[in-house]
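The values are calculated or read from the model by the stated rules, or taken from the named source; none is laboratory data. Since the model is a prediction, treat every value here as computed from it, not as a measurement. Here the Cβ positions follow ideal geometry from the backbone for every residue, glycine too, while neighbour counts run over all protein chains shown. Ligands, DNA and RNA are stripped out before the accessible areas are found, and what is left, the full protein with its side chains, is counted by its heavy atoms. Shrake-Rupley method; radii C 1.70, N 1.55, O 1.52, S 1.80 Å.
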Amino acid sequence: MKSYIPNLLTLSNLACGLLAIVSIFGGDYILVAWLIGFSLIFDFLDGFAARLLGVHSELGKQLDSLADLVSFGVVPGLFMFMLFEMSWMSGEPSIEFLPYIALLIPLFSALRLAKFNIDTRQAEYFIGMPTPANTIFLLSLGLWAVYAGEGTAKNVLLHPFFLTALTVVTSFLLVAELPLMSLKVKNVKWTDNKGRIIMLALIAVLLVVFRFRALAFVIPLYLLLSLIFKPNRS
């Protein structure tokens, strides 16, 4: 029975992703954020359970990617689509076909996940933006835009040109040959974990200062620190 536990956790990730899609169409974006939060937890737990129980399998690997494609590919893509639909709130006219650019996100997420499954270089570090990190970034910016009061922040974050640039850049980062820090901690040495420790400390400061808006700054911070503390590719 223990061999089924990681797969059940993966299916829980997928279930939360599907419920998040329903919530997007219902306009309940706070619930979307909560559901994706649970997807992230289940995504962590399935791998942890597989390692703890020693029950790695090819089925589990493929199922994990399929679940991630929904929760961290389709969900942020549809969420971005809805933001494009709301871009009139910025006061700028929007081109009719522009929202469909958001579909680049699930397409490039699928490509990133397929590459990850066959790329043996990503055991110690990531190459390209992980799909969960990209989802956190897009959802945090989107929630900021939707629930911000009238003013510059809403006008900028919901501007169709900004949404287009955001979609294209984040889609590119998913598949870019850019080595990024892995968050896996294998020992307690400062020299091996200084980048992770500094990042966690700065995230804590950002959360105190900006609260939930801090999530919008976490991914740029992650990219910057990955450039400073370049992963060893040897």
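The figures follow:
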item: Residues of region 30-128: accessible area per residue with a 1.4 Å probe, Å²; result: 52
item: Label corresponding to volume of the Cα convex hull per residue in Å³ when calculated from the structure given, among [x] 130; [y] 151; [z] 175; result: [x]
item: Low-density loop cleavage sites - GluC sites (Glu not before Pro) in region 34-111, where at most 16 other Cβ are within 10 Å (DSSP); result: E96
item: Estimated 222 nm signal from helices in the chain, with DSSP H stretches of n ≥ 4 weighted -39500 (n - 2.57), rounded to 500; result: -22500 deg cm²/dmol
item: Under 13 Å between alpha carbons - lysine pairs in the chain that sit 8 or more apart or on different chains; result: 4
item: Most positive-pole-ward Cα, L143, M181, M82, against dipole of the chain from beta carbon charges; result: M181
item: Portion, in percent, of the accessible area of region 1-132 that falls on carbon or sulfur, probe 1.4 Å; result: 74
item: Exposure rule at most 13 other beta-carbon atoms within 10 Å, DSSP loop trypsin sites (Lys or Arg not before Pro): the chain longest free segment; result: 1-183
item: Crossing angle, helix 75-85 versus the chain [Cα axis fit, 0-90 degrees, rounded to tens]; result: 10
item: Cβ-based charge dipole, the chain, positive-most Cα from F42, I101, V168; result: F42
item: Efficiency of FRET between F44 and L11 - r from beta-carbon atoms, R0 25 angstrom, step 0.05; result: 0.95
